[in-house]
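Below: one structure, written as structure tokens.
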Amino acid sequence: MESMFWEREIETLEREELEKLQLKRLKATIRKAAKSPYYARVFSEMGIKAEKIKSLADVKHLPYTTKDDLRKQWPYGLVAVPREKLVRMHSSSGTTGRATVVFHTAKDIDKWTNLLARCMYMVGLRKTDVFQNMMTYGLFTGGLGFHYGAERIGALVIPAGAGNSKRQIQLLFDFGTTAIHVIPSYAMHLASVFEEMGLDPKSTQVRMAFIGAEPHSEKMRQRIEEIYGFKAYNSYGLSEMNGPGVAFECPYQNGMHIWEDSFLVEVIDPKTLEPVPEGEQGELVMTTLTREGMPIIRYRTKDLTRIISGPCPCGRTHRRIERIMGRTDDMLIVKGVNIFPVQIEKRLLAVPGVGKNFLIILEREDYNDSMTVKVEVERQYFQGDLGQLEKLRRKITEELKSEILVTPKVDLVEPDSLPKSEGKAVRVIDNRKE
Amino acid sequence: MIAEQISVFAENKPGKLAAVTRVLAQEGINIRATTIATSDTFGVINLMVDKPQKALEALGKAGMLVKTRKVLAVLIPDRPGGLDRLAQTLAVAEINVNNAYGFVLEKGTQAVFVVDVDQLEKAEQLLQAEGFTTVGPEILE
């Protein structure tokens, strides 16, 4: 049987060895970071020196870096190498304010590419595959990151980019695509386009999909797998940590292996900033361990997850993180209750008759919050019977109430009637005025 | 005979009925009767038309969520007590009526009453045995 390891030695390195490597790389990272204007100042103010770091636990003496810090240092404040060594700039999607920018040297790109090759090879992408990349190319890291990774493996890459659904489907059939990279909400939308064109989403040769770039529930993954009849693997990354290739599911699909030779991982309580006990949910904090163009120390990702402890049957020693619950920024507070859109998605998709898209609308009247959830009805479900629709609405209301403890108003709407996006899905419209 | 009713999912907002009737008018489809059942923000528009299959295709092509639904179109005399006999017959047999509406075919003579029931075949046989006539689209032309 063919090996599933791109780099067996590093992927299965004993924990003790892996931690030794992390310590060595952490010290090197501090030395590199100290060459950037920002960290030079912060380190000298705090008296931080690489030599003082004796164990990985000493990471707690290092300062956190926030998105806001990156914004204040915009654009070059964290760059640690002479300008002529930089070969690439990427930026975050900028959904929550001014975009943050990250710079890479040729070596950085090479290492990032290698991580993506490692991810895709792990779930079976090979040089005989045809890989169609349905992600935005450009400033966004998802497009180019996967493109380079798939080329490194030697697959035939179709750089389709995002959108243009009919052409995407045409390309899938014309070139016998076997693997795709797609945003989960776009995969759902694309299924409607297959239907419109009178085509069966299962009739392609695609056998695997890499899905990421937005938080999604296990139910969503299962739904995508059912519709298309392929395996869908969860991918995690963020532009500040290169982009995709930070963590990825192995064939066991139970959590994402986070590449600890390249990132030092902590999970903290976002309020107290203290580490949470291993296995508990908190905010993911990461330090780059190999980057030279723009090393980042203890970056607060705002992504909520937990470490899945214990060995994985695949044999990799790099720990796993659970699928992302959401960004702390995505959290909605409705009537004092904390709610993540992913919780709503998970429950909705478990109800038969629920279609492909939904939208949460928040309003406030006389200091009272109200939540309306618009839900598309599945085309095949409709039997022309109002009673059936009312039952569906009641079922959805009950499901959501038991998950989020708030009773939402549920509106059923026609299939494909809610606004769809070719990038990250818009799930929430908040009309509440502070 | 079992008849077909066209049912369209409709969000409860201005212009929805007009969108349906526009498509039917363009296709030259004749509407004999219609009811709208609503539940707050959404509802179902039910239509008896002369060409149900053509209506189904045209409305579906226009992007609407539409289904044909099997119903009974029963001829009843257009005079006091006409509907009562039908209703009593269904009640005795414990057949539940989900939706019902009627229209006059020939004033003072004959009307059609459309019933959407929970036990379609049983109801059809019963009505036949009781001397009722059930009709299909041909009578609607």
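See the values below:
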item: Alpha carbon centroid spacing (whole Å) that separates region A:285-305 from region A:100-151; result: 18 Å
item: Total formal charge among the other residues, if their Cβ is under 13 angstrom from that of A:P215, Lys/Arg +1 and Asp/Glu -1; result: +1
item: Residues of region B:35-56 buried by at least 40 Å² on assembly (accessible area, 1.4 Å probe, chain alone as reference); result: B:S39, B:T41, B:F42, B:V44
item: Whole-percent carbon and sulfur share, accessible surface of region B:1-118, 1.4 Å; result: 50 percent
item: Pairs of lysine residues in chain B - Cα separation under 29 Å, sequence separation of 8 or more or cross-chain; result: 23
item: A:R291 accessible area, assembled protein chains, probe 1.4 Å, Å²; result: 10 Å²
item: Per-residue HN-Hα couplings for region A:408-413 [Karplus 6.51, -1.76, 1.60; θ = phi - 60°; Hz; x = Gly/Pro]; result: x, 8, 10, 10, 8, 10
item: Max mean-square fluctuation residue, GNM over chain A, Cα-Cα springs under 10 Å, options A:S192, A:S55, A:S91; result: A:S55
item: Among A:G384, A:G163, A:G355: highest mean-square fluctuation, GNM of chain A, C-alpha pairs under 10 Å; result: A:G384
item: Of A:K231/A:K395; A:K27/A:K424; A:K111/A:K420, those spanning more than 31 Å from alpha-carbon to alpha-carbon; result: A:K27/A:K424; A:K111/A:K420
item: Integer Hz, Karplus 6.51/-1.76/1.60 couplings in order for region A:205-212, x for Gly and Pro; result: 9, 5, 10, 8, 10, 9, 10, x
item: Whichever lysines have a C-alpha closer than 24 Å to that of A:K72, once near sequence neighbours (fewer than 8 apart) are set aside; result: A:K32, A:K35, A:K49, A:K60, A:K85, A:K271, A:K302
item: Max mean-square fluctuation residue, GNM over chain A, Cα-Cα springs under 10 Å, options A:L78, A:L56, A:L238; result: A:L56
item: Percent RCO, i.e. relative contact order, over region B:6-107, from Cα pairs under 8 Å lying at least 6 residues apart; result: 30 percent
item: Within 10 Å of each Cβ in B:65-72, the average number of Cβ atoms from other chains; result: 4
item: Descending principal axes extents, region A:331-430, alpha-carbon based, whole Å; result: 39, 32, 23
item: Rounded Å value of the spacing that divides the Cα centres of region A:252-269 and region A:21-71; result: 20 Å
item: Accessible area per residue in Å² at 1.4 Å probe, computed on the protein assembly as shown; result: 44 Å²
item: Carbon plus sulfur fraction of accessible area for chain A, probe 1.4 Å, in percent; result: 52 percent
item: Radius of gyration, Dmax [chain A; alpha carbons; angstrom]; result: 22.4, 73
item: Mean Cβ count within 10 Å, highest first, over the residues of peptides A:328-334, B:126-132; result: A:328-334, B:126-132
item: Protein heavy-atom accessible area occluded, B/A pair - total, 1.4 Å probe, Å²; result: 1700 Å²
item: Hits among lysines - C-alpha to C-alpha of A:K401 under 17 Å, sequence gap 8 or more where chains match; result: A:K335, A:K346, A:K374, A:K391, A:K409
item: Mean-position separation - Cα centroids, region A:164-192 and region B:40-94, in angstrom; result: 40 Å
item: Residue-averaged beta-carbon neighbours from other chains (10 angstrom radius) around A:377-390; result: 6
item: Inter-chain shielding of B:2-12 (mean C-beta neighbours from other protein chains, 10 Å cut-off); result: 3
item: Within chain A, helix-based [θ] at 222 nm, where runs of 4 or more DSSP H residues each add -39,500 (n - 2.57), nearest 500; result: -9500 deg cm²/dmol
item: 13 Å beta-carbon shell around A:F146, net charge (K/R +1, D/E -1); result: 0
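The values are calculated or read from the model by the stated rules, or taken from the named source; none is laboratory data. Computed from a predicted structure; not experimentally measured. For neighbour counting, all protein chains shown are included, and Cβ atoms are generated from backbone atoms with ideal geometry for every residue, glycine included. Ligands, DNA and RNA are stripped out before the accessible areas are found, and what is left, the full protein with its side chains, is counted by its heavy atoms. Shrake-Rupley method; radii C 1.70, N 1.55, O 1.52, S 1.80 Å.
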